[in-house]
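Novice: This is the structure, below, for whatever I ask next.
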Amino acid sequence: MTGASDPLVLIVEDEPAQLEVLTYNLGSQGFRHAHAVDGEEALLMIDELQPDLIILDWMLPSLSGIEVCRRLKSRNDTKHIPIIILTARGEETDRVRGLETGADDYVVKPYSVKELIARVRAMLRRTRPAGVGETLEFGDIRLDPEQHKVMRGGRTIRLGPTEYRLLTTFMEKPGRVWSREQLIDRVWGHDSYVDLRTVDVHVGRLRKALNRNNAADPIRTVRGEGYSLDLEY
Ligand code: CA
């Protein structure tokens, strides 16, 4: 059984037989998955779905895997998404080029599906937040989802429900830049009609609550893009 909080893996593969093997195995291992069959479609789906990980075939029609990878790794809102590249045996020069474009891992075809899934799991463990219910930490901020409690430097921080959900979103992916639209999707829900400026108001309230006693501001405003929780505050 899969649920909304299970990791979503996007498979980008143009060979139907390979795609079928991957979707079958990921599904049976409890991953949510989606697929695209060329590079252009992949980019559209990534914007829409915000997958937790991408398995990206090297040789694709329309836009190559390398180009998709390069574009994703140059964008603030997608560069955090881990990418595993599938490449044919012996393409060593491609391997090097792939690392330069920022791919996170490589699997050489023909590969063992079991091994690929093991790598997917390992990568998600590194990049995904702790399991549901585990305490999130960032600097001196701690968020305990079970007790619905936020502490900073040992002091309890009282937050409204919207500010609490905003902080949870930020703390799940520190360093990631969230656009206001993405925050609305995550915090208020896909179907809500929330003004973009409403996001600013709630981020402002969250800041005020977190930064009492002149504590350093952990929320970075990224001009023209949105907000992130930043390590270099
Ligand atoms: Ca291919």
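Novice: Hey, rough spin-label estimate for Val201 and Arg155, points 7 angstrom out along Cα→Cβ, what's it come to in nanometres?
Specialist: Distance between the two pseudo-spin positions: 2.6 nm.
Novice: Cut-off under 20 Å on the C-alpha distance; same-chain residues fewer than 8 positions from Lys149 excluded. Which aspartates and glutamates are left, in chain and number order?
Specialist: Reachable aspartates and glutamates: Glu134, Glu137, Asp140, Glu163, Glu172, Asp217.
Novice: Would you kindly state the longest site-free stretch of the chain, with sites defined as GluC sites (Glu not before Pro) in a DSSP loop (not H, G, I, E, B) surrounded by at most 13 other Cβ atoms within 10 Å?
Specialist: Values: sites that count: Glu134, Glu146, Glu232.
Of all site-free stretches, the longest is 1-133.
Novice: When the Debye formula is applied to the Cα atoms of the chain, each taken as the same point scatterer, what base-10 log of I(q)/I(0) results at q = 0.14, 0.16 Å⁻¹?
Specialist: Reported log10 I(q)/I(0), two decimals: -0.94, -1.13.
Novice: Right, another one. Quick one: check the C-alpha center-to-center distance for the range 204-233 versus the range 1-79, whole angstrom.
Specialist: If you average the Cα positions of each part, the centres end up 32 Å apart.
Novice: Then there is this: Using alpha-carbon pairs under 8 Å, 6+ residues apart, how would you state the relative contact order of the chain in percent? Intermediate values should be presented prior to the final figure.
Specialist: Working: 335 pairs, mean separation 28.8, N = 233.
With pairs under 8 Å counted, the relative contact order is 12 percent.
Novice: Provide the per residue accessible area, probe 1.4 Å, for the range 135-229, rounded to a whole number of square angstrom.
Specialist: Working: 5350 Å² over 95 residues.
Counting only protein heavy atoms, the per-residue value for the range 135-229 is 56 Å².
Novice: Still on this model: How large is log10 I(q)/I(0) at q = 0.11, 0.19 Å⁻¹ when the Debye formula is applied to the Cα atoms of the range 135-229, each weighted equally and without solvent?
Specialist: The computed values of log10 I(q)/I(0) come out as -0.29, -0.88.
Novice: On to the next question. Rounded to the nearest 500 deg cm²/dmol, what is the calculated helix-only ellipticity per residue at 222 nm for the chain, with -39500 (n - 2.57) per DSSP H run of length n ≥ 4? Can you show the working numbers first?
Specialist: Values: 8 runs with 88 residues, N = 233.
The helix contribution divided over the chain gives -11500 deg cm²/dmol.
Novice: Between Gly175, Gly204, Gly102, find the one with the highest GNM mean-square fluctuation for the chain; connect C-alpha pairs within less than 10 Å.
Specialist: Per the Cα network of the chain with a 10 Å cutoff, Gly204 tops the list.
Novice: While we're here: Please list the non-local residues whose amide H lies under 5 Å from the amide H of Leu60, H modeled 1.01 Å from N, same-chain partners needing a gap of 5 or more.
Specialist: Residues meeting the amide H criterion: Gly65.
Novice: Now for a different question. Return the carbon/sulfur percentage of the accessible area of the range 8-130, one whole number, probe 1.4 Å, all protein chains in place. Don't jump to the answer; show the numbers that get you there.
Specialist: Working: 3080 of 5880 Å².
Taking all protein chains in place, the range 8-130 shows 52 percent carbon and sulfur surface.
Novice: Tell me the per residue accessible area of the range 8-130 using a 1.4 Å probe; a whole number in Å² is fine. Intermediate results must be reported in sequence, preceding the final value.
Specialist: Numbers: 5880 Å² over 123 residues.
Result: 48 Å² per residue.
Novice: Would you mind checking the tilt of helix 16-28 against the longest principal axis of the Cα atoms of the chain, expressed as 0 to 90 degrees and rounded to 10?
Specialist: That helix lies at roughly 40 degrees to the long axis.
Novice: Can I get the semi-axes of the range 8-130's equivalent ellipsoid? Compute them from the C-alpha gyration tensor as square roots of 5 times the eigenvalues, in angstrom, largest first. Walk me through the numbers on the way to the answer.
Specialist: Details: eigenvalues 66, 59, 45 Å².
Taking √(5λ) for each eigenvalue gives 18, 17, 15 Å, largest first.
Novice: Same structure again: How far is it, in nm, from the label point at Ser62 to the one at Ala17 when both lie 7 Å from their Cα along the line to the Cβ?
Specialist: For Ser62 paired with Ala17, the spin-label model returns 2.5 nm.
The values are calculated or read from the model by the stated rules, or taken from the named source; none is laboratory data. Everything quoted here is computed from the prediction, not taken from an experiment. Methodologically, a virtual Cβ is constructed for each residue, glycine included, from the backbone with ideal geometry; neighbour enumeration extends over all protein chains shown. The accessibility values were calculated without ligands, DNA or RNA, using every heavy atom of the protein model including side chains. Shrake-Rupley method; radii C 1.70, N 1.55, O 1.52, S 1.80 Å.
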